[in-house]
Amino acid sequence: MSNLLEKARENPWQLALECRAGGCDIVEAGRALRHLLLNDTARGLELLRALKSNLDPFIFLELLASAVDPVLLDWVEASVESEVIIDSFRKGKLNDVYGYVSLIELMPFLGLGDEAAHIASDLLKKACELSNGGETEAAELVRLVANGPITTLGLDRVAQVVSVVEPEGCHVCCLEVFVEMLNSVALSYPPKSLFAHRTLLAGMSELLNKVLNKALEAVESDKEVSTRVFRGVSALLSQLRSLASESRSHEEFSALRSSVIDRLGELGKKLGLDRELGSLDRAL
């Protein structure tokens, strides 16, 4: 493993490309990943990202299986914490942030799904707190959770995460990213299962109404953000309508639509987007 480990230390992304081309031993690469995560965490997190980005998902999971043992699982539980990620984010250590979020995304495959959901929920809360304190770039943390952990937690845990989001306590910069998060949910899970999950649909409805209420309040101070929220929610509803048609879940979609359409229409009128409202009514 020494030669491969040295390559991993020197240039993780080059090693990942070699593995992608079949030029490395997957088991040995997994062992190198384990060694670096335990002994040189920053480099290990970068190697994790590189391998995950470049390898076929099934090959990557095979590699991950060769890396995981009780020692590594204990390390993941002890080391992957929202406080560590927030601290890295505030210090500008973005490679570490991306690596930790990738680990959270993988935790359900390691039998740590509940822990992953807890960390994801905590990250969303802390991102809101940071944004409200003037650190508006914290919206990127919401986006990372939306595009990573949210896609692997499973619908039950996603419902739990969605239920803890409180847009009222966030800067308006986070609003459109919460809509992106719900779009990620819609695109990551089988439509029939999504529409059958009443708890999640209720949570999505509640979150959308909270986002729309906040956007309504922000029209005078930040019309651009409110406009993006209006268009984001409109696009999400259109996406959900297509998925409902595909899965024959018309009744469930109709209930969700009815729960938010009045507030969405109110926002559109306040923004002066009457033409877009007309098109939306016809589309939905």
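The values are calculated or read from the model by the stated rules, or taken from the named source; none is laboratory data. All of these numbers come straight from a predicted model, not from anything done at the bench. Note: ideal-geometry Cβ built from the backbone for every residue, glycine included; neighbour counts use all protein chains shown. Just so you know, the surface numbers come from the protein's heavy atoms only, side chains and all, with ligands and any DNA or RNA stripped out. Shrake-Rupley method; radii C 1.70, N 1.55, O 1.52, S 1.80 Å.
Computed extension gain for E206 through S79, at 0.36 nm per residue and net of the alpha carbon distance, reaches 42.4 nm.
Computed about its Cα centre, the charge dipole of region 217-270 is approximately 180 debye, with only Lys, Arg, Asp and Glu carrying charge at their Cβ.
With the charge dipole of the chain set up from +1 on Lys and Arg Cβ and -1 on Asp and Glu Cβ about the Cα centre, the Cα lying farthest toward the positive end among the listed residues L240, N209, N95 is that of L240. Per-peptide packing, taken as the mean over residues of other Cβ atoms within 10 Å, places 56-66, 5-15, 206-216 in the sequence 206-216, 5-15, 56-66 from highest down.
Keeping all protein chains in place, calculate the accessible area per residue for region 139-284 (probe 1.4 angstrom), answer in Å².
On the way: 6490 Å² over 146 residues.
Here the residues of region 139-284 average 44 Å² of exposed surface.
3J(HN,Hα) along region 256-270, derived from phi through the Karplus expression 6.51 cos²θ - 1.76 cosθ + 1.60 where θ = phi - 60°, amounts to 5, 4, 4, 6, 10, 5, 5, 5, 5, x, 4, 5, x, 5, 5 Hz, with x in place of Gly and Pro. In the full protein context, region 1-88 carries 49 Å² of accessible surface per residue, based on a 1.4 Å probe and ignoring ligands, DNA and RNA.
Could you please state how large a percent of the accessible area of the chain is carbon and sulfur, counting protein chains only and using a 1.4 Å probe? Kindly include the intermediate steps, with their values, before the conclusion.
On the way: 6060 of 12940 Å².
Ligands and nucleic acids excluded, carbon and sulfur give 47 percent.
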